[in-house]
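Reading through the structure tokens given below for one structure.
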Amino acid sequence: MSFEPEELSPAEVESTVQETIEDNEVALFMKGTALMPQCGYSRKALGLIQQHHEDVATVNVLQATDAFRESLSEYSGRETIPQTFVDGEFVGGSDILEQLDENGDLAETLNA
């Protein structure tokens, strides 16, 4: 018997997104968990953040990917995953984090 996580309702997703963004200095919405990222972009984003900031709240969007995409787009204008928020503001996905890191601006962006 395999265990599949129960899908979250759209209301639960909206609540999770809002609370995570509001209650955490750095929040990463990703595919998988911090211990087991499930896509290369999520792994890259998490790694870049952790180079400069120890405390990052992660949310696994795989429990309701479409609902998370829809809810996150209201905050960021984008539906791509992963998405990083710092102090309630959308920063970007792994591509933006990588650019900030290459420019030497990622630590400052993360308030490290």
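The values are calculated or read from the model by the stated rules, or taken from the named source; none is laboratory data. Model, not experiment: these values are computed from the prediction. Ideal geometry is used to build each Cβ from the backbone, glycine not excepted, and the neighbour counts take in all protein chains shown.
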Answer yes or no as to whether residue 96 is more than 20 Å from residue 23 (Cα to Cα) and modelled with pLDDT of 95 or more.
-> yes
Lone unmet requirement of (1) charged (D, E, K, R); (2) within 12 Å of the chain's Cα centre (by Cα); (3) over 25 Å from residue 108 (Cβ atoms) for residue 74 = (2)
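Residue-wise test of (1) among the hydrophobic types (A, V, I, L, M, F, W, C); (2) within 12 Å of the chain's Cα centre (by Cα); (3) within 27 Å of residue 10 (Cβ to Cβ).
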position	(1), (2), (3)
50	no, no, no
57	yes, yes, yes
66	no, no, yes
69	no, yes, yes
80	no, yes, yes
86	yes, yes, yes
92	no, yes, yes
99	no, no, no
110	yes, no, no
Given the residues 80, 16, which is the only one that is more than 19 Å from residue 109 (Cα to Cα), of a type outside the set (Lys, Arg) and either touching a Gly at 6+ places or on another chain (Cβ under 7 Å) or at pLDDT below 95 (or both)?
-> 80
Any idea which of 90, 68, 85 is more than 19 Å from residue 109 (Cα to Cα) and in contact with a helix residue (DSSP H, G or I) (Cβ under 6 Å, 6 or more places away or on another chain)?
-> 68
What is the number of the single condition among (1) within 24 Å of residue 99 (Cα to Cα); (2) under 11 Å from the mean Cα position of the chain (by Cα); (3) among the polar types (S, T, N, Q) that residue 20 does not meet?
-> (1)
Evaluate region 23-42: report whether one residue or more is touching a residue at least 12 places away in the same chain (Cβ under 8 Å), out of contact with any helix residue (DSSP H, G or I) (no Cβ under 8 Å at 6 or more places or on another chain) and crowded, with 16+ Cβ neighbours inside 10 Å.
-> yes
